[in-house]
Amino acid sequence: MKQFYQNYEKRNGEPKFSTKTSPKEQPALLELFTDGIKDIYWAENHLVKNLPKMIAASTSKALAAGISDHLEETKTHVTRLEQVFELLGEKVQAQKCDAMEGLGKEGEAIIESTEAGTATRDVGIILASQKVEHYEIATYGGLHQLAITLGLDEVAEILALTLAEEKAADEKLTEVAESDVNYTAATEE
């Protein structure tokens, strides 16, 4: 197992997360977990800034309302992650999430490449939003399991709440797409 962590992610010839010999230093798995929390914290803050653009670009009232509701949840997710930092005894710190940055750029490109006021743009917004939700579901699911493994029960509970909300947001986007938006877009020229 030690060899696994030593080879986990080499940067400049040194592993980013390696097992420690001093009991005062964090174990590699906790360090990896904390790194993941910093990453998703950046991602959630990035969404707080980007979701209003998606709301403004939406034509469907149901889509705009769904994204608006999720924006409020996302603000709560940021607050919960700050609680996680506190429980871990860590300083609140964001670490740039390249994946979320890329997903945000993809969403902006969809808005730029589709005609305003069309259901086709709404379909694109739904697709981009679901990619974000799936990334968050994967991240929170993995972090939740790591918290359980590390015996961080209170942290695991917090992450489970957010995971459930991310799954519900994904389901809501599917409902909006299936109830009207996809069919309307299919009739547009």
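The values are calculated or read from the model by the stated rules, or taken from the named source; none is laboratory data. These numbers come from a predicted model, not from an experiment. Don't worry about glycine lacking a Cβ; one is built from the backbone with ideal geometry, like all the others, and counts go over all protein chains shown. All accessible areas refer to the heavy atoms of the entire protein, side chains included, with ligands and DNA or RNA removed. Shrake-Rupley method; radii C 1.70, N 1.55, O 1.52, S 1.80 Å.
Would you confirm, using the coordinates I've provided, whether D35 is open to solvent by less than 50 Å² (accessible area, probe 1.4 Å), farther than 22 Å from E165 by Cβ and not β-branched (V, I, T)? In short, yes. Which of the residues that make up segment 83-102 are free of Cβ contacts under 8 Å to residues at least 24 places away in the same chain and not basic (K, R)? Within segment 83-102, E86, G89, D98, G102 qualify. Count of segment 51-77 residues, restricted to those that are part of a helix (DSSP H, G or I), polar (S, T, N, Q) and crowded, with 19+ Cβ neighbours inside 10 Å, is 1.
Can you list the helices (runs of 4 or more DSSP H) lying wholly within segment 117-189 that have 2 or more residues being closer than 19 Å to K105 by Cα and either open to solvent by 50 Å² or more (accessible area, probe 1.4 Å) or touching a residue at least 40 places away in the same chain (Cβ under 8 Å) (or both)?
119-149
For segment 78-107, the set of residues classified as among the β-branched types (V, I, T), assigned to a loop (DSSP other than H, G, I, E, B) and open to solvent by less than 50 Å² (accessible area, probe 1.4 Å) is empty. Counting the residues of segment 128-180 that are in contact with a Ser or Thr (Cβ under 8 Å, 6 or more places away or on another chain) and modelled with pLDDT under 95 gives 1. None of E82, E44 is out of contact with any His (no Cβ under 7 Å at 6 or more places or on another chain) and of a type in the set (D, E) except E82.
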